[in-house]
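Peer 1: Submitted below is the structure of interest, expressed as structure tokens.
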Amino acid sequence: MAFHNPHIRVTVVDKDETRIRRWNSKHPPIYEPGLNEVLRIARDGARECVFQTGRGGDDSCASSAGVSSECTSLCEEHAEGFTTVPSRRPNLLFTTEVARCIAEADIVLIAVNTPTKTRGAGAGSATDMTAFEAVAAVVAEHARPGAIIVEKSTVPCRTAQLIEDMLAHYRPGVHFDVLSNPEFLAAGTAINDLLSADRILIGSRPTPSGRRAADTLASVYTSWVPRSRIITTNVFSSELAKLVANSMLAQRVSSINSVAAICEATGADIDEISAAVGADPRIGSKFLRAGIGFGGSCFKKDVLSLAYLAETLNLPQVAEYWRCVVSMNEYTRNRFAARVIKCLNNTLRGKKLTLLGYAFKKDTNDTRESATLEIIRTLMEEGPREIAVFDPCCNPATTEAEIEQLLGPAHGSQVLKKNGGVVHVYTNAYDACNGSDAVLVATEFDEFRYTGPGKHSKLSTTAYTAPLLLDPRPFERLEPTEADLLALHKYFARTGETIGSDDPLDRFNQAPLCASDCPDCLLKTNAGPNASNYGAGGEHQAKEYLDWAKISYHMRNPKWVFDGRGLLDIRGMEKLGFRVETTGRQAEF
Ligand SMILES: NC(=O)c1ccc[n+]([C@@H]2O[C@H](COP(=O)([O-])OP(=O)(O)OC[C@H]3O[C@@H](n4cnc5c(N)ncnc54)[C@H](O)[C@@H]3O)[C@@H](O)[C@H]2O)c1
């Protein structure tokens, strides 16, 4: 919104001081491809400059493990291009002054967390509205008369009524409009999903004032989204549509994973099934990759919220139907962990296991509801010598702290190796796999792919699944344009060259400095420049495929690899001496 509307001041308010401090620094708290440039332009201001649209040649659009964005190739919409951005001053602010900013706003978008309740009525499936209700009360108290209040959070159907009731209670006789405008972006492809939104959904009351409010919000989006992609509905339909969209995506993942179990027992091949089934246009090919199940903060909680809604409406069969989506997901993850243990002779004593990937999907550092954590929990029960973890996007110190916090109390003993436990988070994949008995591919990061014999190389030159990121040289013109130089810089960033600045063309005003406790600055200082793949602006840059031959050389026989994301070529890996087990296929030895 801020990027495409330089004339609108957008203020992000959050009570979490650390988060706001990081948003106001060189290293924001989340990693998203493309976030850095958008943030720099809107937050810091920029001179007139070129801006790269589309994905710029990486393969983040490629559907992965059924949980990524929708494109299977570099589609027209996500194709690389350049656009000129006029010079501009900052219009995106981050602050903790919640009440003051609400009082100043014409439109207030509420985007606080709405997790699953963990205690009390509906625990385990109902939506915990504590944060939402608290912030709605602040909005009700401070919003200026006539302000438009927008639900951005994913909320149970009829939440708009709750806000209207609160507004009527706190501010009797004052008029407000409440809209629903759910967010459809996906972690890992968020910037692209936002810049090339396939639809914007706005729900309003069917009154003249409600429709005017919906038009006002729509006009913010029409700065970059074609009007034809803005869908307007009644406010409750909009709330429910978001829950249904996520539930149907999750259901598709569970459906294909249930078929993967049949494949493993029969000798059918899940990839062949997906291709055959997906060729039917009524079914379509997206979200048909089998794996170890969906993770993330949204799918599970939204399916459960829908199931709970059905229960409260006295529709137990409907609730049961949706609950099965979640139980199939848990079954899938547990089946994978059980397969690892079984292949390792039902004992992990004295063995080292390595998990590649901790984030719930590639190109993000979001680890909420990650399958890896639950797999670690199961493996720990078997008393292994070590569980090694490596993730190219997640800060190792933060990951260790999180694993300790989430697994520590339940086990009643130490979790981290440094404290006498078994889990150690590494800063590179080779150390993590060194001396390992089994490697488990748990997240579909591109760099974990097997690229063929002797093809350990820079991502840009041998990617066989991705649209190639081509070296833009030689340039068309004798005098390279700004777009040429930007393309070259991106090419270098992706191929692992040392590129120094994240702003080589001096397009942006200076970024604010990080605080002394910034985890990303500390990582660079403590672990050296090769420890992390983060780009200069705090973004993950996939640079090289893993050298699986090198990993094989340093592993213990029989060199087990468990591919939970369908990334690896089994025959090629077997030639390197691995024994490979992959979801949805029988072992071939
Ligand atoms: N993360 C996603 O990919 C995604 C996608 C679509 C929809 N959503 C929905 O968006 C909502 C937010 O998700 P998220 O992942 O950003 O959650 P989050 O937990 O990462 O962030 C929520 C933020 O709200 C802040 N907050 C809570 N109460 C507050 C208060 N009273 N005043 C000020 N700040 C307050 C918290 O400090 C936190 O920083 C959820 O409803 C989620 O379902 C998320």
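Peer 1: Only one of Glu133, Glu164, Glu141, Glu183 is acidic (Asp, Glu), in a helix (DSSP H, G or I) and within 10 Å of the ligand (Cβ to nearest atom). Can you tell me which?
Peer 2: Working: Glu164 fails: within 10 Å of the ligand (Cβ to nearest atom); Glu141 fails: within 10 Å of the ligand (Cβ to nearest atom); Glu183 fails: in a helix (DSSP H, G or I).
Answer to the check: Glu133.
Peer 1: Could you say which residue among Leu201, Leu179, Leu185 is in contact with a helix residue (DSSP H, G or I) (Cβ under 8 Å, 6 or more places away or on another chain) and more than 30 Å from Lys362 (Cβ to Cβ)? Explain how you work it out, then say what you get.
Peer 2: On the way: Leu201 fails: more than 30 Å from Lys362 (Cβ to Cβ); Leu185 fails: more than 30 Å from Lys362 (Cβ to Cβ).
Just one listed residue meets the conditions, Leu179.
Peer 1: Grab the strands (runs of 3 or more DSSP E) fully contained in the stretch 356-447, keeping just those with 1 or more residues being acidic (Asp, Glu) and without any contact (Cβ under 8 Å) to a residue 60 or more places away in the chain.
Peer 2: Working: elements: 386-390, 423-425, 438-441.
In the stretch 356-447, the matching strands (runs of 3 or more DSSP E) lie at 386-390.
Peer 1: Considering each of Ser228, Ser196, Ser204 in turn, give the residue that is more than 14 Å from the ligand (Cβ to nearest atom), over 25 Å from Val135 (Cβ atoms) and surrounded by 19 or more Cβ atoms within 10 Å (Cβ to Cβ). First the steps, then the outcome.
Peer 2: On the way: Ser228 fails: surrounded by 19 or more Cβ atoms within 10 Å (Cβ to Cβ); Ser204 fails: over 25 Å from Val135 (Cβ atoms).
None of the others qualify; the one that does is Ser196.
Peer 1: For the stretch 1-93, give me every one of the strands (runs of 3 or more DSSP E) that falls completely inside it and has 3 or more residues that are at pLDDT below 95 and surrounded by fewer than 21 Cβ atoms within 10 Å (Cβ to Cβ). Before you say what the answer is, go through the steps one by one.
Peer 2: On the way: elements: 10-13, 49-53, 81-85.
Output list reads 49-53, 81-85.
Peer 1: Something else now. Among residues belonging to the stretch 112-127 that are near the ligand (Cβ under 10 Å from one of its atoms) and touching a strand residue (DSSP E or B) at 6+ places or on another chain (Cβ under 9 Å), point out the one that is farthest from Glu17 (Cα to Cα). So that I can check it myself, show each step before the final result.
Peer 2: Of the residues in the stretch 112-127, the ones near the ligand (Cβ under 10 Å from one of its atoms) are 112-115, 127.
Remaining after also requiring touching a strand residue (DSSP E or B) at 6+ places or on another chain (Cβ under 9 Å): 114-115, 127.
Working: Thr114: 20, Pro115: 21, Thr127: 25 Å.
Top of the filtered list is Thr127.
Peer 1: Restricting attention to the stretch 553-589, and to residues there that are within 25 Å of Ser258 (Cβ to Cβ) and among the basic types (Lys, Arg), which single residue is surrounded by the fewest Cβ atoms within 10 Å (Cβ to Cβ)?
Peer 2: Arg585
Peer 1: Quick one: which of Ala140, Ala187, Ala136 is small (Gly, Ala, Ser) and either touching a residue at least 60 places away in the same chain (Cβ under 8 Å) or surrounded by fewer than 18 Cβ atoms within 10 Å (Cβ to Cβ) (or both)? Please lay out each step first, then the result.
Peer 2: Details: Ala140 fails: either touching a residue at least 60 places away in the same chain (Cβ under 8 Å) or surrounded by fewer than 18 Cβ atoms within 10 Å (Cβ to Cβ) (or both); Ala136 fails: either touching a residue at least 60 places away in the same chain (Cβ under 8 Å) or surrounded by fewer than 18 Cβ atoms within 10 Å (Cβ to Cβ) (or both).
From the options Ala140, Ala187, Ala136, the qualifying one is Ala187.
Peer 1: Somewhere in the stretch 253-265, is a residue loosely packed, with under 14 Cβ neighbours inside 10 Å and in a loop (DSSP other than H, G, I, E, B)? Outline the logic, then answer.
Peer 2: At the first step, the residues of the stretch 253-265 found to be loosely packed, with under 14 Cβ neighbours inside 10 Å are 262, 265.
Now narrow it down to the ones that are in a loop (DSSP other than H, G, I, E, B): none.
No.
Peer 1: Test Asn329 against the stated conditions and say whether it is under 20 Å from Glu581 (Cβ atoms), surrounded by fewer than 16 Cβ atoms within 10 Å (Cβ to Cβ) and more than 16 Å from the ligand (Cβ to nearest atom).
Peer 2: No, not satisfied.
Every residue, every condition in (1) closer than 25 Å to His4 by Cβ; (2) assigned to a helix (DSSP H, G or I); (3) assigned by TED's automatic domain parsing to the domain that holds Leu39, yes or no:
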{"residue": "Leu194", "(1), (2), (3)": "yes, yes, no"}
{"residue": "Asp215", "(1), (2), (3)": "yes, yes, no"}
{"residue": "Ala218", "(1), (2), (3)": "yes, yes, no"}
{"residue": "Thr233", "(1), (2), (3)": "yes, no, no"}
{"residue": "Leu240", "(1), (2), (3)": "no, yes, no"}
{"residue": "Ala245", "(1), (2), (3)": "yes, yes, no"}
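This table checks each residue for (1) outside the structural domain of Leu407 (by TED's automatic domain parsing); (2) open to solvent by less than 40 Å² (accessible area, probe 1.4 Å).
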position	(1), (2)
Asn314	yes, no
Glu320	yes, no
Leu348	no, yes
Leu355	no, yes
Tyr358	no, yes
Asn365	no, yes
Thr378	no, no
Pro384	no, yes
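Peer 1: Return the total of residues in the stretch 342-355 being assigned to a helix (DSSP H, G or I) and under 13 Å from Ile376 (Cβ atoms).
Peer 2: Our first condition is that a residue be assigned to a helix (DSSP H, G or I); within the stretch 342-355, this holds for 342-343.
Remaining after also requiring under 13 Å from Ile376 (Cβ atoms): none.
Residues that pass the stated criteria total 0.
Peer 1: May I ask you to list the residues in the stretch 367-376 that are within 16 Å of the ligand (Cβ to nearest atom) and either open to solvent by 10 Å² or more (accessible area, probe 1.4 Å) or hydrophobic (A, V, I, L, M, F, W, C) (or both)? It would help to see each step written out before you state the result.
Peer 2: First, the residues of the stretch 367-376 that are within 16 Å of the ligand (Cβ to nearest atom): 367-370.
The answer is Thr367, Arg368, Glu369.
Peer 1: Let me ask something else about it. Determine whether Lys550 is at pLDDT 90 or above, open to solvent by 40 Å² or more (accessible area, probe 1.4 Å) and outside any loop (DSSP other than H, G, I, E, B). Spell out how you get there, then give the answer.
Peer 2: Working: at pLDDT 90 or above: yes; open to solvent by 40 Å² or more (accessible area, probe 1.4 Å): yes; outside any loop (DSSP other than H, G, I, E, B): yes.
Judged against the criteria, Lys550 is a match.
Peer 1: In addition: Residues being within 16 Å of the ligand (Cβ to nearest atom), open to solvent by less than 30 Å² (accessible area, probe 1.4 Å) and of a type in the set (Asp, Glu): count how many of those fall in the stretch 386-412.
Peer 2: Result for the stretch 386-412: 0.
Peer 1: On to the next question. Hey, among the residues in the stretch 223-270 that are in contact with a strand residue (DSSP E or B) (Cβ under 9 Å, 6 or more places away or on another chain) and without any contact (Cβ under 8 Å) to a residue 40 or more places away in the chain, which one's farthest from Arg323 (Cα to Cα)?
Peer 2: Only one residue fits best here, namely Val225.
Peer 1: May I ask you to verify whether Val108 is over 21 Å from Leu313 (Cα atoms), of a type in the set (A, V, I, L, M, F, W, C) and within 12 Å of the ligand (Cβ to nearest atom)? Steps first, please.
Peer 2: Working: over 21 Å from Leu313 (Cα atoms): yes; of a type in the set (A, V, I, L, M, F, W, C): yes; within 12 Å of the ligand (Cβ to nearest atom): yes.
Yes, satisfied.
Peer 1: Same structure again: Going through the stretch 332-346 one residue at a time, which ones are surrounded by fewer than 18 Cβ atoms within 10 Å (Cβ to Cβ) and over 29 Å from the mean Cα position of the chain (by Cα)?
Peer 2: Lys342, Cys343, Asn345, Asn346
Peer 1: Can you name the residue in the stretch 270-300 that is assigned to a helix (DSSP H, G or I) and open to solvent by 30 Å² or more (accessible area, probe 1.4 Å) and, of all such residues, is nearest to the ligand (Cβ to nearest atom)?
Peer 2: Going residue by residue through the stretch 270-300, those that are assigned to a helix (DSSP H, G or I) are 270-278, 299-300.
Of the ones still in play, those that are also open to solvent by 30 Å² or more (accessible area, probe 1.4 Å) are 271-273, 275-277, 300.
Numbers: Asp271: 28, Glu272: 32, Ile273: 29, Ala275: 29, Ala276: 32, Val277: 28, Lys300: 11 Å.
Out of the qualifying residues, it is Lys300.
Peer 1: Let me ask something else about it. Among the candidates Val318, Val325, single out the residue that is outside any loop (DSSP other than H, G, I, E, B) and in contact (Cβ under 8 Å) with a residue 60 or more places away in the chain. Outline the logic, then answer.
Peer 2: Working: Val318 fails: in contact (Cβ under 8 Å) with a residue 60 or more places away in the chain.
Exactly one residue qualifies, and that residue is Val325.
Peer 1: On the basis of being more than 11 Å from the ligand (Cβ to nearest atom) and over 22 Å from Phe236 (Cβ atoms), does Gly146 make the cut?
Peer 2: Here the answer is yes, as Gly146 does meet what is asked.
Peer 1: Continuing with this model, one more query. Criterion first (within 20 Å of Gly566 (Cβ to Cβ) and at pLDDT 95 or above) does Arg339 satisfy it?
Peer 2: On the way: within 20 Å of Gly566 (Cβ to Cβ): yes; at pLDDT 95 or above: yes.
Criteria met by Arg339.
The values are calculated or read from the model by the stated rules, or taken from the named source; none is laboratory data. Predicted, not measured: the structure shown is a model, and the values here were computed from it. Positions of Cβ are generated from backbone atoms using ideal geometry, with glycine treated the same way; all protein chains shown enter the neighbour counts. Heavy atoms of the whole protein, side chains included, go into the accessibility calculation; ligands, DNA and RNA do not. Shrake-Rupley method; radii C 1.70, N 1.55, O 1.52, S 1.80 Å.
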